[in-house]
Every structure is written in structure tokens, then in C-alpha cells.
1. To two decimal places, what compactness ratio does region 296-391 give when its Cα radius of gyration is scaled by 2.2 N^0.38 Å?
2. Identify the chymotrypsin sites (Phe, Trp or Tyr not before Pro) of region 413-451 meeting these criteria: DSSP loop state and at most 13 other C-beta atoms within 10 Å of the C-beta.
3. Binning every alpha carbon pair distance of the chain at 10 Å from zero, what are the percents per bin?
4. Is it possible to state the helix-based mean residue ellipticity at 222 nm for the chain, with each DSSP H run of 4+ residues giving -39500 (n - 2.57), the sum divided by total residues, to the nearest 500 deg cm²/dmol? What is it?
5. Starting at 0 and stepping by 5 Å, how many percent of the alpha carbon pairs of region 1-100 end up in each bin?
6. Computed over the Cα atoms of region 150-256, what is the ratio Rg over Rh, Rh following Kirkwood?
7. Could you grab the Rg to Rh ratio for region 384-484? Cα atoms only, Kirkwood for Rh.
8. Given the pairs LYS77/LYS233; LYS39/LYS262; LYS3/LYS326, which are separated by over 23 angstrom at their Cα positions?
Amino acid sequence: MVKTLLKSVREYKKPALVTPLFMTLEALCECLIPFMMTKMLATDASGSVPMALILRYGGVMLVLAIFSLTGGVMGGKYAAIASCGFAKNLRKDLFYAVQDFSFKDVDKFSSSSLVTRLTTDVTNVQMAFQMCLRIVIRVPLMFIFAIVIGCSISAKLTLIYVVILPVLAFGLFLIVRNAMPLFRRIFKKYDALNNSVQENVSGIRVVKSFVREDYEQKKFEKAAGDVRDDFTKAEKINALTSPLMMFAMYAASLLITYFGAKMVIGGGSAVNGNPVYGSFTPANVSAIITYGVQILSSLMMAAMIMVMFTMSVESARRITEVLECKSDLVSPENGLTEVKDGSVSFENVSFKYSKEAEKFALSDINLQIKSGETVGILGGTGSSKTSLIQLIPRLYDVSEGAVKVGGEDVRKYDALRNQVSVVLQKNVLFSGTIKENLRWGNEHATDEELVAACKAAQADEFISQFPDKYDTYIEQGGTNVSGG
């Protein structure tokens, strides 16, 4: 799955590889700043902090802060470039994959589900990819650097975090484990929600004609309510993350402050009434607490990542299903590109829309149509007239038998649909000009050919009445022109 998705990174590999380097710089500098603070606040024999020491280590901390800021800004910049480019390529790859789908494949996924995968699912994967480049790199580095530098200051106090971490990790594991099934279920509800919207918008004329607005509103409210209910349950579980983290953070800080104070007091003395600390100072305690905050914050980020990954893994799976789907309608190598004549024959043809279907839509069809003949196929509603016609240009493959066009099996052709014209039962107009819609039939057609075709279809007079004539813009679905 990951290998399939990463193919869409392509020209954005460079920013994707540069981002972790900047995040490493940011994490290292952030962890060194508290360590430099302990050096800066080290006291001399008189119990005071020399100004030269403050200036020296203060300057170092300023440089580290600048490098940390630079690393964070540049890391964010390149992560945004890489993730947005990755999402763009992923949507393009999905769209191109859908173009190669047969009708059977579209029926399998459903148009509403494909829309969800191209929008919501890609956005989730994009966010996860960006988090991988930034936070997933930053979190373990912050954790490792904080533990190592903390141990160099005081291994005993740092051990407190090591004891608390397994308990905290177990709590986060329970939260994520209970949230994962809910997020997986949400995406199926998203498909139902999109399906409700799509049906309502595409059939708005029918809905209004039959005064079914109330019914459609209730159907949408139910789909939206299902998404809300599951999201609410999931977010209630995720909401436990913050109090759990705060409890662990404050408990660790309290223990470190207590034991750190004992270490400071136990190893110090006084000169002229001023405290002189031993090898362990209040600055050391402050640094250990700071590292503790960094460690626990890293773990909290890891928990957030796990929740996000729970959503994105399901989205990634759904996207991969589309990208890896191999259509049954595959053109043969060196297939036929020309049709000898217009003859059509059905030889013992049986057809059903899925292998699991119990009954055939068409069964044992034998039909011979000579080139040049005009044939009418009559039958009642649901008698599979359309199914039979769709087998001729190979919109579906037969389950049994063979369909031949020009004396050759349709499965032997490489570009059969360029030779077979189909006038659909339900006409569709795409957003664009009238010329652009007409050129769906022949993208290289001249303006004169377009006018001749419209005159033959008795449409030229109607089109000429528009101010822009053939350059008139058509709305999606042709909603700004007559249904005729």
C-alpha cells in the first residue's frame, strides 16, 4: 500500500527528503538550549554567576534559537511543498485510473465513493504525509535527544520519565485502539452522505416536481447524523488524551522538583550567607523539567499522529484499492484498430453484471445483423435491451459466448469504441462551450463540420439565437438550456 502511494511523490522527492534534515536541526537545537542554560547559570566559589559566563552561553543559546527557528520554518515550507504536490499527483493518478475503469468497475466502487476517495481520503493521506515528514521525524529525535542529554545531567531524575512513560504509553494505546474502529466506520458513512447529496443535486428537477424536498431533507439528515454520531464517539475517546498527558506531565514535574530539591540542598553549603551549590544546581532541575516537558510533549504528538494515522490508513487503503484495481476490459497487445464492416453477431451470448449474481441478464442470445441493416430491438422495461447494446462496443464483457463486430470478436480490438457510435438514452452535457461539447464526438472537427452536424440535427437555428452562438457557455448538466 505504501509503495503504491509513494509512486505519486515523483517530482517532489527533493523537498520530501530535505524536510527531515531541517527537522533534525530544529530538534537538536531545541534540546541543546536547556543544556546551555545549566552551563550559563553555573555559580563560582562566591555563589554568584559571572557576567562573562552569562554573555558567552547566552550568545550560544541565541544562535541555537536562530538555527532552531530556521530549521522549523524551512521544514514547514518544504513539507508543505512536498505534501501538496503529493496530493496533486495522487488526485491525478486516481482520476486517470478511473478513466480506465469499465462500467463494471464503476458499479463496484459507486460514483459517490469515488468522489469521497478523490477528496476527503486524499486530504487525509496528504495530512498524514506531511506529519510523517515533520512530526514523525521530530518526535523520536526530540525524545532521544532529551533522554540522552537529560541522563548526562542526572540519570536518576531522568529515570522518573522512563518509569512514567510505559504507563502513559499503555493508556494512549487503549485510547487509539478504541478510536480506530469508529474512524474506519465513518468513511462508509461519508460515502452514504455524498451519495445522498449527489442524488439530490442531479435529480433536483424530479425532487421539486414531485414535492419530495421533505423526504430528501430527512434522508440527508439521517446520513449527516450518522457521520456526526460516530465522529462524536471517536472524539470523546480522543479527548481523554489531553488529561492523561497533563496528569503524566505534572506528576513527573512534581517528582522531579521534589527529588531534585533534595539533591540540591543535600549537596550544597553557604558562604557569607549565600548558598553555594554542589555539582547539582537549581538550573539542573529546571533543565530536567524542561526535558521532561519535551519528552512528554513528543509522546503526546505521537498519540495525535496515531489517531491521524488511524484515519489516514483507512483512506490510504481506499485510495490504493482504486489505484491497484485492474479492469477486466483490457485491450490486447497489437489489437485490431479497424472494423471491416458494420456486421454484428451474437453467438451463444450470456451475460450477468457480476460473477456473484444468481441470474443472467441475458441468456443464450444468438443474433445476426448484416452490415447496413437497420434493426429494432423491442421489449418491456427491464428486459435487458440496454444490456445487449452495451455489449457491442464492449462496455461490458460477455460472461459466456462471443460478440463479433466486422466478423471479429470485440475482445480482439484495441480501439473498438472509436468505430462504434452510441446515442445514449440519457444525454449528458458537460460544462464548457457548445463547441467543446460537440467536439466530444471528434476533437479535430472544424467549425464548418460542427455547423453542418447541428444543421443535420435541426439544432443550428436554436444555437444561432444565442448572443455567443457556438461559443455559448453550457452549465454542468446543461441546466441553462432546454431539455430538448
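Any read-out appearing in this document is the output of simple, stated calculations on the displayed coordinates, not a laboratory observation. This one's a predicted model, so the numbers in the text were calculated from it and none came from an experiment. Please note: Cβ atoms are built from the backbone with ideal geometry, for glycine as well, and neighbour counts cover all protein chains shown.
1. Expressed relative to 2.2 N^0.38 Å, the Cα Rg reads 1.97.
2. PHE430, TRP440
3. Result returned by the calculation: 3, 13, 17, 19, 15, 11, 9, 7, 4, 2, 1, 0.
4. -21000 deg cm²/dmol
5. Answer for region 1-100: a P(r) of 2, 12, 15, 13, 10, 9, 8, 7, 6, 5, 4, 3, 2, 1, 1, 0, 0 percent.
6. 1.35
7. On the Cα set of region 384-484, Rg over Rh gives 1.07.
8. Violating the 23 Å Cα-Cα cut-off are LYS77/LYS233.
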